[in-house]
Amino acid sequence: MTKQSAYADINGISIHYEQSGNPDGFPLVMLHGGLGSTRDLDVLTEYLGTHFRLISIDLRGQGKSSLGNALLSYAQYQNDVQALLDWLDISRYFLFGFSDGGIVAYRLAAQNPTQVLKLLTLGSSWRLEEGDPAVETLRGLTVEMWTELFPEGVAYYQASNPAPNFPALVEAVKTLWLDTRESGYPCDLVAQIDCPTLIMRGDNDFLFSLEEAVALKARIKDVSFANIPFTTHAAHQELPALVGPIIRQFFLQPNQTP
């Protein structure tokens, strides 16, 4: 399946994005997780590419996108994605986000109800409260720890980013993860999400607890929930043969297709 890689000058940086799948299909925008890249979502192409025009975006500073001088925040990611979609003249779309990408997706769906027609998130927190066990995990992350866990991902970043500085990126992303201001997690904004929504998490996800997923489900109007057995945070990569068809089925439900 052909993949087209391109760049756009957006908000003072160069954003890298890829288009693949069915060029005549309905747009499905895909956002990767923190310290990741578009390639982390490639595993889903075989399940979605036949049906949708896939637009996968490297978030600011990650993958092949430049970092720029703006303070990293979920609001900044949201502004970048919105500006890129405006530039691509995409005004109605489905939206999938993993982890950080899903947090950005909540914000987009809440504040762009006429544009986001369906929303699916995987492993994506919606708030960060004091005492959440994820706080210490996020605060304690080091460059060495991440490099040991994801050596291929770090090597890819070093080889492909236009101005690689992984220690600086890790510090910027940690600040974003711990941001409890309005520029951070969507929190009560999620109640504004109007479109059909599917919340997914791996059953053993240590960052997005079952309790938090259930609390989120209670705040969104038209929502379904999938807890994926035998997986942790990146369920789409751990069990793509299970997760991929669920994602496809959600976006293809005939009574909700635009």
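The values are calculated or read from the model by the stated rules, or taken from the named source; none is laboratory data. For clarity, every value in this text was computed on a predicted model and none was experimentally measured. Please note: Cβ atoms are built from the backbone with ideal geometry, for glycine as well, and neighbour counts cover all protein chains shown. In case anyone asks, the SASA skips ligands and DNA or RNA and just uses the protein heavy atoms, side chains included. Shrake-Rupley method; radii C 1.70, N 1.55, O 1.52, S 1.80 Å.
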**Q.** Complete set of residues in segment 1-36 that are under 26 Å from Ala163 (Cβ atoms), open to solvent by 50 Å² or more (accessible area, probe 1.4 Å) and not polar (S, T, N, Q)
**A.** Lys3, Tyr7, Asp9, Gly12
(Q) Out of the residues in segment 197-218 meeting the condition of being open to solvent by 70 Å² or more (accessible area, probe 1.4 Å) and touching a His at 6+ places or on another chain (Cβ under 9 Å), tell me which one is modelled with the highest pLDDT. (A) Asn204
Q) Of all helices (runs of 4 or more DSSP H) completely enclosed by segment 158-242, which ones contain at least 3 residues that are within 26 Å of Thr45 (Cβ to Cβ)? A) 235-238
Q: Being among the aliphatic types (A, V, I, L, M) and part of a helix (DSSP H, G or I) is the filter here, so list the residues in segment 125-157 that pass it.
A: Ala134, Val135, Leu138, Val143, Met145, Leu149, Val154, Ala155
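Just one of Ile57, Ile90 is surrounded by fewer than 18 Cβ atoms within 10 Å (Cβ to Cβ), under 19 Å from Ala6 (Cβ atoms) and either in contact with a strand residue (DSSP E or B) (Cβ under 8 Å, 6 or more places away or on another chain) or at pLDDT 95 or above (or both); which is it?
Ile90
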Q. Of (1) farther than 25 Å from Phe250 by Cα; (2) open to solvent by 10 Å² or more (accessible area, probe 1.4 Å), Asn112 satisfies all except one. Which?
A. (1)
Q) Residue check: is Val81 in contact with a Phe, Trp or Tyr (Cβ under 8 Å, 6 or more places away or on another chain) and either surrounded by 15 or more Cβ atoms within 10 Å (Cβ to Cβ) or within 21 Å of Ile10 (Cβ to Cβ) (or both)? A) no
